[in-house]
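Written below as structure tokens is the structure these notes are about.
The values are calculated or read from the model by the stated rules, or taken from the named source; none is laboratory data. This is a predicted model, so every value here is computed, not measured. Neighbour counts are summed over all protein chains in view; Cβ atoms, including those assigned to glycine, are modelled from backbone coordinates with ideal geometry.
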């Protein structure tokens, strides 16, 4: 690749911008999942979570062209992300013994890994599109995401400790992303194209063979519903035990 060409620098800046935007999603998940860990285990959880996020991006990079055209993959992933967001909003009891702390660490890492597996596909697709077929730019994008995720998660964890309300905002963000994934699934888009054509719009740069995506208004409405649904369900589930007679 010609490093003096304008295309190289445009692609490079696009990848940096994409990483700054999309690494925040992973950082939110890691921060929410690690917020209840003891201080001595929190950094371990953040590092393991960031490692899982980057590792999954590399795996998806190898099979991205196939996964793009698997119907209902994003629907399943979106539903799974909904449940993860609800669990994170509800929170878990803090551990007090060393054994419980160890269990909580691996439970947090497991939650992070599942959520990252759901979200990393879209991240890889965006970086792959910006790299325009140049593997060196693609690898750079993956490597850049490592420090961004780690620093972002550490910063968010400390902020969440001071402002617990941000837990709900983070969970709402995951609900927004989950709804985006569902409405962007290839099977859902095909159904909308046939039954509700005004809900889709041509996307010439779409990485899948479909070439369409959700229109702006349905996209934002469904995403807002997803964010609100996570908060509502988590609130009702969290409130329910207190309402039951002891």
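General observations
- Scanning the stretch 181-200 for residues that are touching a residue at least 60 places away in the same chain (Cβ under 8 Å), assigned to a helix (DSSP H, G or I) and under 18 Å from the mean Cα position of the chain (by Cα) yields a count of 2.
- Any hit, the stretch 223-243, residues being in contact with a strand residue (DSSP E or B) (Cβ under 8 Å, 6 or more places away or on another chain), at pLDDT 90 or above and assigned to a helix (DSSP H, G or I): no
- Residue check for residue 114: closer than 20 Å to residue 181 by Cβ, part of a helix (DSSP H, G or I), under 13 Å from the mean Cα position of the chain (by Cα) and at pLDDT 80 or above: yes
- Scanning the stretch 147-157 for residues that are within 15 Å of the chain's Cα centre (by Cα), closer than 28 Å to residue 76 by Cα, surrounded by fewer than 17 Cβ atoms within 10 Å (Cβ to Cβ) and at pLDDT 75 or above turns up nothing.
- Scanning the stretch 36-55 for residues that are surrounded by fewer than 24 Cβ atoms within 10 Å (Cβ to Cβ) and within 15 Å of residue 153 (Cβ to Cβ) turns up 36, 37, 39, 41, 42, 43, 44, 47, 48, 51, 52, 54.
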